[in-house]
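The values are calculated or read from the model by the stated rules, or taken from the named source; none is laboratory data. This is a predicted model, so every value here is computed, not measured. With ideal geometry, Cβ positions are generated from the backbone for all residues, glycine too; neighbour counts draw on all protein chains shown. To get the accessible areas, we keep the full protein, side chains included, count just its heavy atoms, and leave off ligands, DNA and RNA. Shrake-Rupley method; radii C 1.70, N 1.55, O 1.52, S 1.80 Å.
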Amino acid sequence: MSAAAFWLLALIITVYVLLDGYDLGIATITPLVARTPSERVASMRAIGPYWNANEVWLIAGGGALFALFPKAYASAFSGFYLPFIVALWLFMVRGIAMELRDHFASTIWRDFWDFSFSASSTVLILVFGVTIGNLLRGVPLDHDGYFTGTFGFLLNPFAGLVAILAVLALAAHGALFLTLRVEGPPAERARVLVVRLVPAIFVVYVVLTVAVFSTIALRSAPAARAILPFLAIVALGVELFAALGGKPWIAFGASCAFLVLLLFGAAVEMYPYLLPGFPERTMGLSVLEAGASPAALATALAVSIAGLCIVVAYAAYAARAMRAKISL
Amino acid sequence: MVGLGTVFVALMALAAVLLWRNVLFRTRPVLWLLMLSMPFPYIANEAGWVTTEVGRQPWIVYGLMKTTAGASANVAAGETIFTIIGFCGMYFMLGVLFLYLTLREIGLGPDGAAAHGNGGATA
């Protein structure tokens, strides 16, 4: 039961990254691909019907963590207090920028909101990257499973590398989504940007994989260690050639596959720990220690799955209703 | 909160009767009352929050866990102060923007808002 709960949580986070990843990525690349005011409006409208619903998956992740693994929730939310509050502020700035932008006629205000939108989203990706990097590397925990490190401990080179990979990969993900949703020059610029980004992603991914293999005591099966990086590099290759050949749907699918492989690889290395310890990962908080009682787990699993079905139905409806491309 | 709620019910009932009689938009005193009562829903909301949060003390989960037992041991006081200042700044900025936009909509009036094209009548 606790294993099912772990993988449900991993699934929710993966879906969140796939969906809100393109929202954040589009915000990151908007200054690069949208040059005129109407292009910037089109870029924001590309995610307009979706971004709010996509963030539901993050809330679902927090809710599922609370219901399924209360001890891990308590440890993470008090241990990562400052980064989580900063992430919350960034989410607020991003939402405010999108909602208020059109209420001001002055170009100075619009430039300010556009800058806030792109900057807050990019920093959010960095914060998420640092978080995942630290989850993979492990964090110092005391006997009760509480984080004992400092804010400075979280800012290490390994986490920085994961954060850079996250920004590059989601920028490409967002750029591909933009080519699917918008017509005209921004879509073409976004396609060219993807072609330039993928080699950079490849380099950072290889460096990161070497860093993972050389610094982290790996727990996964040797076969997984060989297959996952291979598949990830294949996905990057497909993304590059599909973007070059003007096949945006295939490129976007490959980008999704790459992100899924990254997150699945991280989850495989973490299991059975929700919060691996540091320097010994065995001193971490495992699914068994952090799990709720079996009855609570069963209830929470059933309720989460039923709730997520409603979210999926809504998202499918929204995608269908808004499938027309945005013209400038 | 309860008092204000009763006032809202009375005021809305009065306005509904006038609207039904088709004289609401010509009854200036009632329109003034409706506009001036704009801050009160916010005050009622906040009063409701204060009632639940203060009324539950010293429990954080009523009957199960005391607030002192629920405090994070590894969050420093300085971090808490920093985030409280940050939230105050964020909401102060939001409050100023809200007042500016609301007053602008009121200043435009029903015709101006419709001409302005951002749905002032329905928002």
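Some observations on this one:
- Size-normalised alpha-carbon gyration radius of region A:165-275, reference 2.2 N^0.38 Å: 1.14
- Cα pair count fraction exceeding 19 Å, expressed as % - chain B: 70 percent
- Charge-dipole axis of the protein assembly as shown as Lys and Arg at +1 and Asp and Glu at -1 on Cβ define it, positive-most pick from A:175, B:10, A:203: A:175
- Contour excess over end-to-end distance, with Cα ends at residue A:318 and residue A:241 and 0.36 nm allotted per residue: 24.7 nm
- Placing A:108, A:47, A:85 in order of accessible area, with the largest value first and a 1.4 Å probe, yields A:108, A:85, A:47.
- The calculated FRET efficiency for the pair residue A:325 and residue A:111, based on their C-beta separation and a Förster distance of 25 Å, comes to about 0.45.
- Taken over the C-alpha atoms, region A:144-229 has Rg and Dmax values of 17.4, 56 angstrom.
- Listed by chain and number, the aspartates and glutamates whose C-alpha is less than 18 Å from the C-alpha of residue A:71, apart from same-chain residues fewer than 8 away, are A:142, A:144, A:289.
- Value of Rg/Rh across region A:64-210 [Cα atoms, Kirkwood radius]: 1.05
- Rounded FRET efficiency, nearest 0.05, which uses the C-beta distance separating residue A:210 from residue B:96 and R0 of 45 Å: 0.35
- Positive-end residue, the protein assembly as shown charge dipole about Cα centroid, Cβ charges, pick of A:66, A:7, A:248: A:248
- Separation of alpha-carbon centers, region A:66-119 and region B:17-75, rounded to whole Å: 25 Å
- Per residue, the convex hull around the alpha carbon atoms of region A:198-328 comes to 161 Å³.
- Against the main long axis of the alpha-carbon atoms of chain A, helix A:294-321 sits at an angle near 10°.
- Assigned charges on the beta-carbon of Lys, Arg, Asp, Glu; the protein assembly as shown dipole about Cα centre (debye): 780 debye
- Only lysines eight or more places from residue A:325 in sequence, or on another chain, were considered; those with a Cα closer than 22 Å are A:247.
- Inter-label distance for residue A:293 and residue B:74, nm, one decimal - labels placed 7 Å from Cα along Cα-to-Cβ: 2.7 nm
- Protection proxy ranking of A:7-16, A:25-34 - average other beta-carbon atoms within 10 Å, highest first: A:25-34, A:7-16
- Globularity index of region A:268-328, i.e. its alpha-carbon radius of gyration over 2.2 N^0.38 Å: 1.85
- For the protein assembly as shown, the spread of Cα positions along each principal axis, largest first, Å: 80, 61, 40
- Helix axis angle, A:248-270 relative to chain A longest principal axis, alpha carbon, degrees: 20 degrees
- Residue B:47 versus residue A:268: modelled label distance in nm, points set 7 Å from Cα along the beta carbon direction: 6.0 nm
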